[in-house]
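This report refers to the structure that appears directly beneath it.
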Amino acid sequence: MFHQSMLSGEFAAGDEQPTGVSFVPAGAQVAGGVGDALVEVDEQEHDRRVGLGLQGAVTNLGLLHRLLNLPHGEWVRWKDLCSNDVQALQTAPVGVVDLSSRGVRRTLVQPARVPFVVVRTSSWRRGLRRASAFEPFAQRVLLLEGEHRNLQQVTWEADLLGVGVWLRTSTHIEQILAPAPWRQLYVKAAGWRFRERAYDRWLSATPPGA
């Protein structure tokens, strides 16, 4: 469980947290903004990618959409796929699929989980808009910087959106409102790409060989 102490400066980017996950600044990225993320990397998938020389993340939305339609680890015949799918899969990066003359098998899986996103802001209205953009992907918290006299209005609106509210004081971070639990309603390529981007940020923040 993510705790406010992880934001206190005790942990650097990419450091391993007590819960076995990493807090990655700017690890959450969507069209509506950027937030810090708690990233739980699938070590088996990470090691597999490194061993095959698959560099970085796989963020092509069209390719990820096609991969979601393939069962992991099972062969699918070429004749059961449309020509556009065949072309995209045959030109996929190494480590994404296995190919044979008769068909294709997906080997790629999502490299990480992102259970928690923190949006830092001094403007709570702007911050809530940014936090709302992460609703399909993770549990969200708004971290307010500076003084705020209208906390009742902030918490009321945040509660409607399911966003938690933390307030940074001169000495610590105080939880004003707990975030609502997050539940995945749909499995979509956009969610896979969100986790691939977080994995990519984790790779950038993690020293080689870690």
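Here are the numbers:
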item	result
Trypsin sites (Lys or Arg not before Pro) within the stretch 110-183, DSSP loop, no more than 14 other Cβ atoms inside 10 Å	Arg149, Arg183
Full-stretch length increase - Arg126, Arg113 - with 0.36 nm per residue and alpha-carbon distance subtracted	2.1 nm
Rg over Rh [alpha-carbon atoms, Kirkwood Rh] for the chain	1.05
Per-residue ³J(HN,Hα) for the stretch 146-152, Karplus 6.51 cos²θ - 1.76 cosθ + 1.60, θ = phi - 60°, Hz, x for Gly and Pro	x, 8, 9, 8, 10, 5, 5
Label-point separation, Val187 to Gln87 (7 Å along Cα→Cβ), nm	2.8
Gap separating the Cα centres of the stretch 147-173 and the stretch 187-206, nearest whole Å	28
Residues with amide H under 5 Å from that of Val163, placed H, sequence gap 5 or more	Ala180
Residue-averaged [θ]222 nm for the chain, counting only DSSP H segments that reach four residues, each worth -39500 (n - 2.57)	-9000 deg cm²/dmol
Residue among Thr171, Thr107, Thr91 with the largest mean-square fluctuation in a Gaussian network model of the chain, springs linking Cα atoms under 10 Å	Thr171
Amide H contacts of Ala37 (H built 1.01 Å from N, under 5 Å, at least 5 apart or other chain)	Val24, Ala26, Gly27, Ala28, Val118
Sum of side-chain charges, Gln175 neighbourhood, beta-carbon under 14 Å (Lys, Arg +1; Asp, Glu -1)	0
Charge context of Leu63, other residues only, Cβ under 12 angstrom, K/R +1, D/E -1	+1
Gaussian network model of the chain, springs between alpha carbon atoms under 10 Å - residue of Val97, Val24, Val50 with greatest fluctuation	Val50
Cβ-based exposure ranking for Lys79, Lys188, in which fewest neighbours within 10 Å come first	Lys79, Lys188
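None of the figures in this text is laboratory data; all of them are computed from the coordinates on show. All figures in this text were calculated on a predicted structure; none of them were measured in a lab. Heads up, the Cβs are rebuilt from the backbone with ideal geometry, glycines too, and the neighbour counts pull from every protein chain shown.
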